[in-house]
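See structure below.
Any read-out appearing in this document is the output of simple, stated calculations on the displayed coordinates, not a laboratory observation. Every value quoted in this text rests on a predicted model; they were computed, and no experiment measured them. As a convention, Cβ positions derive from the backbone with ideal geometry for all residues, glycine included, and neighbour counts pool all protein chains shown.
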Amino acid sequence: MSEQELAPPLSTATSSKAMIGALGLAATICGLIIVTAYEGTLDAVARNKKIATERAVFKVIPGAKTIREFVATTGGIQPAGPSEAENGVKFYAAYDQGGALKGVAAEGSAKGYADEVRVLYAYDPKRQVITGIGVVSMHETPGIGDKILTDPDFQKNFEALDVHLTDDMKTVANAIKVVKHGTKQHPWEIDAISGSTVTSKAVGKGIRDSTEKLLPLLLPKIDKLSEGKPT
Amino acid sequence: MIPGKNPPSNWSEFIEGLWQRNPIFVMVLGMCPTMAVTTSALNSISMGLATTFVLAASCWMVSLLRHFVPKEVRIATYIVIIATFVTVVDYAIQAISLSLYDALGAYIKLIVANCLVLGRAEAHAARNKPMAALYNATGMGLGFTLGLFMIGGVREILGAGKLFGLSLFGPHYQPWVVMVLPPGGFFVMAGWLMLFAVVRARKARGNTPATLAEGAQNA
Amino acid sequence: MHDSVGQILITTILSGNFVLAMFLGMCPFLGVTHSVKVAFPLGLATTFVILMASLCAYLLNLVLIPLHMEFLQLICYITVIAAAVQLVEMFAKKQSPELFRALGIYLPLITTNCAVLGVALFQTARNYSFVQSLTFALGGGVGFTLALVLLASVRERVRFSKVPNAMMGTALTLMLAGVLSLSFMGFAGLGGGE
C-alpha cells in the first residue's frame with residue numbers, strides 16, 4: 001500500500017454552503033411573496049366571507065336586517081371574537097328593523113354523495129322549530145343530489161321541523177330522522193327526495209348533529225341574545 | 001440547439017404550447033385537475049388561467065435564478081417557487097370569488113403537484129432566458145386552458161345541457177349525468193383523443209403515394 | 001368531521017377512491033399501469049409516502065395553526081413530501097436495485113403525485129384527528145394501489161385483444177379507466193353513515 005497521501009479528488013459537487021445559500025435565498029424571496037399576497041388579500045377575503053354569510057342568513061331568515069355572530073359554550077354565550085373558544089358552537093343571531101330577535105341561524109354539515117354538504121338552518125327559539133334551510137356548499141350530483149336546492153317538497157320539510165328540547169333542556173327530545181319519500185309521519189322527520197337518499201340523509205345528519213350540540217347550550221341562555229341593541 | 005438553426009423566436013415559443021405540444025392532448029400532463037375540475041366550462045377556464053399564472057410566474061422566476069441554483073437542489077428550489085405562486089393564486093381566487101373558490105376546491109392547491117408546471121420548469125425554464133421562458137410557459141398554460149375548455153365544454157353540454165351556465169336545450173333536456181361525474185371525464189378525454197387519431201389517420205392516408213397519384217390522375 | 005375509522009377506510013378505498021373518484025394520482029395511473037409487476041410496488045411506495053406526508057402534515061399543523069401561519073401550509077407540505085420521497089429513493093436503491101431501476105423516473109415523480117399532497121390537504125380541510133388522518137392516509141394508499149393494480153391487470157390482458165387503431169394508446173387506457181370508475185360508483189353511499 002502506498003504511503004503517499006492520495007490526492008484529493010477534484011471536487012465537482014457543489015459545496016453545502018452554496019446549496020443552503022441558494023435554498024435560503026429562494027425560501028426568503030418566496031416567503032416575502034407569500035406574506036405579501038396573504039396580507040394583501042386578507043381584507044377582500046374577509047369581506048367576501050361576510051357578504052356570503054349575510055346573504056345566506058338573510059335568505060333563510062326573511063325580514064332580518066342585521067346579524068351578529070356568537071359562540072355558544074358550556075360557559076354561556078359570547079360574541080364571536082378572533083380567538084375561538086375550544087368547544088364552542090358558532091351561530092348567528094338575526095335581528096329585524098326594530099332590533100328584536102328574529103331568529104337564529106347555524107351551520108350543519110355531513111358527508112353526502114361526493115363531498116361535504118353544508119347547510120345553514122334557521123331556528124325559531126320561541127316555537128323551537130327549524131323554519132328553513134339554505135345550502136351553503138355542496139358538490140352533489142347535478143340533476144340528482146342538487147335537487148335539495150330546488151325540490152319544493154323537500155324544502156317544505158323544513159318549514160316547521162320540530163327540534164324541541166326535553167324539559168331539562170339537556171337534549172333534543174326527538175332526534176331528526178330522514179325517512180323514505182312519502183312516509184313522513186312526525187314533525188321531526190324529513191321526507192327524503194326519492195332517488196337522492198344519500199344527499200337527503202346528509203342534510204338531515206348535518207342538521208341533527210348541529211342542533212344536538214347547539215340547542216342545549218343556546219336555549220337556556222336565549223334571553224342574552226335579545227339584550228342590548230345590535231351595533 | 002441544432003447548429004445553423006436560429007434560436008426559436010418568442011412567438012414560436014408561445015405557439016408551441018398552444019397546439020403542437022398541447023399539454024393535455026399531446027403531452028398528457030397535468031391530468032389530475034383535468035379530470036376533476038372540467039365539470040363545467042367556467043370551472044375549466046378558471047382552473048386553466050390559474051395554472052397559466054402559476055406556470056408563467058414560476059418559469060419566469062426559475063429562469064431568473066437559473067444561474068444561482070446549484071443542480072443538486074434545483075428540484076427542491078423549483079418546488080418551493082411553484083408552491084409560492086400557487087399560494088398566491090389560492091388567496092387571489094378567494095379574494096375574487098368565494099363561489100369559484102368553492103367550486104374548484106382543493107384542486108387549486110394541487111396545481112403545485114401538476115406535472116406540467118414542474119416539468120416545464122425543469123425542461124425549459126432552467127435552460128432559457130426569462131423572456132423566452134415566460135412566453136413558452138404562457139403558451140403552454142393557454143394550451144392547457146384550451147384543452148381543459150374542450151373537455152369541460154363537452155361535459156357541461158352533455159351532462160347538464162348548458163354552456164357557461166346558459167341552458168342550451170331548454171328545460172326538458174334529459175342530462176347525460178355520467179358526463180359530469182368522474183367516469184365522464186375519462187370518457188370525454190378518450191373521445192377527443194380518438195377523434196384526433198381518426199383525423200390524423202385520414203390525413204396520413206390522404207398523403208400516401210397511391211392516393212396522391214390518384215388525385216393527379218383525376219385533376 | 002366526525003367520521004369513524006371504519007367509515008373513512010371504506011370511503012377512501014371504495015366509494016371515494018382517490019384515483020377513480022377524486023382523480024388524484026392520475027400521472028402514474030395512466031403512465032405506469034402497463035404491468036402489474038411495476039404497478040404494485042409503486043402503489044406500495046406511494047402508500048408509504050402518503051402515510052409519511054399525512055403524519056408530517058398533522059405535526060406541522062400543530063405548529064402552524066396556533067401561530068396563525070396557515071399560508072405556509074402548502075410550501076411546508078410539499079417540502080416534507082419531497083424529503084420523504086428522497087428517503088424512499090435511497091432506501092429502494094439500497095434494498096432492491098432492480099426494483100429501483102424498474103420504477104425508474106416514476107419514483108421521484110411520487111413527489112408530484114396529487115394523491116400524496118391531496119391527502120395532506122384534505123385531512124387539513126376536514127379537520128381530522130390524528131387517528132382519522134392516519135386512517136385516511138392508509139385507506140387512500142390502499143385505494144390507490146387497488147386502482148393501479150386493477151387497471152394494470154386489465155391492460156395486460158387487453159394487449160392480446162384486437163383494438164381499433166383510433167383507440168390505441170392513451171385513449172384506450174382512458175376508456176378502461178372510465179369503465180373502472182363507473183363500476184366503483186356502485187359503492188356510493190357505502191360508509192356514508194346514518
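Using only alpha carbons, build the gyration tensor for the stretch C:67-194 and give me the equivalent ellipsoid semi-axes, biggest first, whole Å.
On the way: eigenvalues 190, 111, 38 Å².
In descending order the semi-axes read 31, 24, 14 Å.
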Inset, instruction - Take the Cα of C:L190, step 7 Å along the line toward its Cβ, and report every residue of the stretch A:88-116 whose backbone nitrogen sits under 19 Å from that point. - result: A:111-115
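Which of rounded, prolate, oblate describes the stretch C:1-134, given a ≥ b ≥ c as roots of the alpha-carbon gyration tensor eigenvalues and a/c under 1.5 marking rounded, otherwise prolate only if a/b is larger than b/c?
Numbers: a/c = 2.18, a/b = 1.42, b/c = 1.54.
Oblate, since a/c reaches 1.5 and b/c is not below a/b.
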Inset, instruction - Determine which aspartates and glutamates satisfy two conditions relative to C:K37: a Cα distance under 14 Å, and not lying fewer than 8 residues away in the same chain. - result: C:E98, C:E156
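What 222 nm value per residue comes from the helices of chain A, counting each DSSP H run with n ≥ 4 as -39,500 (n - 2.57) and dividing by all residues, nearest 500 deg cm²/dmol?
Values: 5 runs with 80 residues, N = 231.
So the calculated ellipticity at 222 nm is -11500 deg cm²/dmol.
In what sequence, highest mean first, do B:132-141, C:120-129 appear when ranked by Cβ atoms within 10 angstrom? Write down the numbers at each step before the final one.
Values: B:132-141: 25.8, C:120-129: 20.2.
Per-residue mean Cβ counts within 10 Å order the peptides as B:132-141, C:120-129.
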Legend entry - Protection-proxy order for peptides A:59-65, C:108-114, each taking the mean of Cβ atoms within 10 Å per residue, highest first: C:108-114, A:59-65
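Report, as an integer, the average count of C-beta atoms from other chains found within 10 Å of each Cβ along C:162-173.
Details: counts 0, 0, 3, 4, 9, 5, 3, 4, 8, 9, 3, 4.
For peptide C:162-173, the averaged partner shielding equals 4.
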Inset, instruction - Determine which aspartates and glutamates satisfy two conditions relative to B:K71: a Cα distance under 15 Å, and not lying fewer than 8 residues away in the same chain. - result: B:E122
Inset, instruction - For A:K156, go through the lysines and keep the ones whose alpha-carbon is under 23 Å away, minus same-chain ones fewer than eight residues off. - result: A:K59, A:K102, A:K111, A:K126, A:K147, A:K177, A:K180, A:K184, A:K201, A:K205
Inset, instruction - At 7 Å along the Cα-to-beta-carbon direction for both A:I222 and A:E54, put a label point, then send me their distance in nm to one decimal. - result: 2.7
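First measure r as the distance between the Cβ atoms of A:D43 and C:L59, then evaluate 1/(1 + (r/R0)^6) with R0 = 41 Å and state the FRET efficiency to the nearest 0.05. Don't skip to the end; give the middle numbers.
Numbers: r = 31 Å, r/R0 = 0.77.
With a Förster radius of 41 Å, E is 0.85.
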Inset, instruction - Give me the distance between the Cα centres of the stretch A:159-231 and the stretch A:26-40, rounded to whole Å. - result: 44
Inset, instruction - Under 1.5 on a/c is rounded, so check that first for the stretch A:73-150, then, if it is not, pick prolate when a/b is larger than b/c and oblate when it is not; a ≥ b ≥ c are the square roots of the alpha carbon gyration tensor eigenvalues. - result: oblate
Inset, instruction - Please list A:187-198, C:8-19 highest first by mean number of surrounding beta-carbon atoms within 10 Å per residue. - result: C:8-19, A:187-198
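What is the average number of partner chain Cβ atoms found within 10 Å of a Cβ in C:3-16? Intermediate values should be presented prior to the final figure.
On the way: counts 2, 0, 0, 0, 1, 1, 0, 0, 1, 0, 0, 0, 4, 4.
For this peptide, the per-residue mean of nearby foreign Cβ atoms is 1.
Mind checking B:30-37 for the average number of partner chain beta-carbons within 10 Å of each residue's beta-carbon? Intermediate results must be reported in sequence, preceding the final value.
Working: counts 4, 10, 14, 3, 2, 10, 7, 1.
Taking all residues of B:30-37 together, the mean is 6.
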Inset, instruction - May I ask you to compute the full-extension gain from B:D102 to B:W11, defined as 0.36 nm times their residue separation minus their alpha-carbon distance, rounded to one decimal in nm? - result: 29.2 nm
Inset, instruction - Kindly state, to the nearest 0.05, the FRET efficiency for C:V158 paired with C:S96, given R0 = 35 Å and r defined as their beta-carbon distance. - result: 0.75
Legend entry - Cα lying deepest toward the dipole's positive end in chain A, options A:G98, A:G108, A:L215, charges on Cβ: A:G98
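As an exercise, use a Förster radius of 35 Å and the Cβ-Cβ distance of C:V131 and C:L87 to find the FRET efficiency, rounded to the nearest 0.05.
The formula returns an efficiency of 0.90 here.
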Legend entry - Cα→Cβ-extended label distance, 7 Å offset, between A:M169 and A:L25, nm: 6.6
